[in-house]
Amino acid sequence: MDATEKKRPSGRRMSPSRITARSLQLLAALAFLYTLYFAKTLLVPIVVALLLTLLLGPAVKALRRFHVPGVVSAVSLLCILAVPFTLLGMELAEPAQKWAQRVPELSAHFTQQIDTLTSAFEGEAQESSENDPSRDFFSRLFGRDDAGEEAAEDDGNSAVTERITQGGVEIVVYLLGVAPVFLAQLITCLTLTIFLLVFGPRLFDSAITYLPQVSDKDAAHGLVDTIEVELSRYILTVSIINALLGLTTAAALWIIGVEDALLWGVLVGLFNFAPYVGMFISLTVLTLAGLAQYGFTAFSVVPALIFFAINGLEAQFVTPTILGKHMRLNPLVLMLWLIMWGWLWGFIGVLLAVPLLVCIKLAASQLNLPIHWVRIIETRA
């Protein structure tokens, strides 16, 4: 046999049709992601309405057994859900407005404090340069004198004042621009939730009955029922845990004399809906609050340390004990999921990321998908 006719090593090579199929799948995935990104103003209220429907669906079905009309039960449940948030918002409106007005001033103050600390470290070098005989020569050569330094200091003070004023104006303009969009999304979300709770079950039953693509009717009903029950249980449990975490943190901060402790407790409970990321945001907020009240002292980090201790107890003992192993999620998968939804939809995407991942995990388990996909999402020992 000729050397040129040697057998080439066999290897797995993708056929052109398979390469085309994979490329189309990649393009479809990218198109889906960019659709989520650019259509977030439309999709956010729809997704929130769907999650609220899954959350309140079991309660509406239970009330329907007692012959309560769907419209009455849906509106009543939404009112019951909205009343605590409304009362809490009214209670926290004044301190939140106060801190929003203080943000530019505190930002400029922290900048000045950092500049002061930096100048303190450079003080010895400046003193030695002042005693240098050649300083006067170079000052005259480059046009620098004491009067010029005083003028520069005055310019710095005016720049700080201008920064405070500009920051306050920017916050007001941003809030005025966001408010109409937020109000429209809120009305859309609530209206769509009521319609889904009232007319969604009948529409779903009709789709299951008449669509030929759905072969197993009972499995489809079982899938939706399981997701409703498990998601409701998960969201209610996590909400109670986060509410208790916020109240405990607020009580601890109030005991040590932190101003507006209830506001910080509510923010802690809200941020804790985003695992890992929420903890770091809460630590940053409480550290800044401590610096604003106590200045650059050792006691300024005490509020953040108190929260860190309480959060550690909650994350290591309370949540695993109550939720159990069947609702645990892989930390790496969860972090990548949070980053992706934070990039897509911002802070609201971070809050919605975990419920969406729980829905995907439950659906994968109920649809008998390959077990390794479920194991990837779950926490491994």
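Specify which of the listed residues (320, 331) is in contact (Cβ under 8 Å) with a residue 40 or more places away in the chain and within 23 Å of the chain's Cα centre (by Cα).
None of the others qualify; the one that does is 331.
Given the criterion in a helix (DSSP H, G or I), modelled with pLDDT of 85 or more, touching a helix residue (DSSP H, G or I) at 6+ places or on another chain (Cβ under 9 Å) and of a type outside the set (Gly, Ala, Ser), identify the matching residue among 43, 24, 106. The match here is 43. One residue stands out in the stretch 60-76 among those that are free of Cβ contacts under 8 Å to residues at least 60 places away in the same chain, in a helix (DSSP H, G or I) and among the aliphatic types (A, V, I, L, M): the one that is surrounded by the most Cβ atoms within 10 Å (Cβ to Cβ), namely 63.
Restricting to the stretch 248-263, and then to whatever is assigned to a helix (DSSP H, G or I) and touching a residue at least 24 places away in the same chain (Cβ under 8 Å), can you tell me which residue is nearest to residue 318 (Cα to Cα)? Break it down stepwise before answering.
At the first step, the residues of the stretch 248-263 found to be assigned to a helix (DSSP H, G or I) are 248-255, 261-263.
Checking which are touching a residue at least 24 places away in the same chain (Cβ under 8 Å) leaves us with 248-249, 252-253, 262-263.
Values: 248: 13, 249: 15, 252: 18, 253: 21, 262: 22, 263: 23 Å.
Checking each candidate, the answer is 248.
Look at residue 95 and say whether it is over 30 Å from residue 196 (Cβ atoms) and either at pLDDT 80 or above or surrounded by fewer than 12 Cβ atoms within 10 Å (Cβ to Cβ) (or both). Considered against the rule, which asks whether it is over 30 Å from residue 196 (Cβ atoms) and either at pLDDT 80 or above or surrounded by fewer than 12 Cβ atoms within 10 Å (Cβ to Cβ) (or both), residue 95 comes out as yes. Every listed requirement among (1) part of a helix (DSSP H, G or I); (2) surrounded by fewer than 18 Cβ atoms within 10 Å (Cβ to Cβ) is met by residue 283 save one, (2). Residues that are of a type outside the set (A, V, I, L, M, F, W, C) and touching a helix residue (DSSP H, G or I) at 6+ places or on another chain (Cβ under 7 Å) do occur in the stretch 288-295, at least one of them. Residue 144 meets all of the listed conditions (1) more than 38 Å from the chain's Cα centre (by Cα); (2) at pLDDT 70 or above; (3) surrounded by 12 or more Cβ atoms within 10 Å (Cβ to Cβ) but one, namely (2). A search for C-beta distances below 6 Å between a residue of the stretch 86-108 that is free of Cβ contacts under 8 Å to residues at least 60 places away in the same chain and closer than 25 Å to residue 296 by Cβ and any residue that is basic (Lys, Arg) and surrounded by 14 or more Cβ atoms within 10 Å (Cβ to Cβ), counting only pairs 6+ apart in sequence or on different chains, returns 108/163.
The values are calculated or read from the model by the stated rules, or taken from the named source; none is laboratory data. The model shown is predicted, which means the values in this text are computed figures rather than measured ones. No Cβ is skipped: glycine too gets one built from the backbone with ideal geometry, and neighbour counts run over all protein chains shown.
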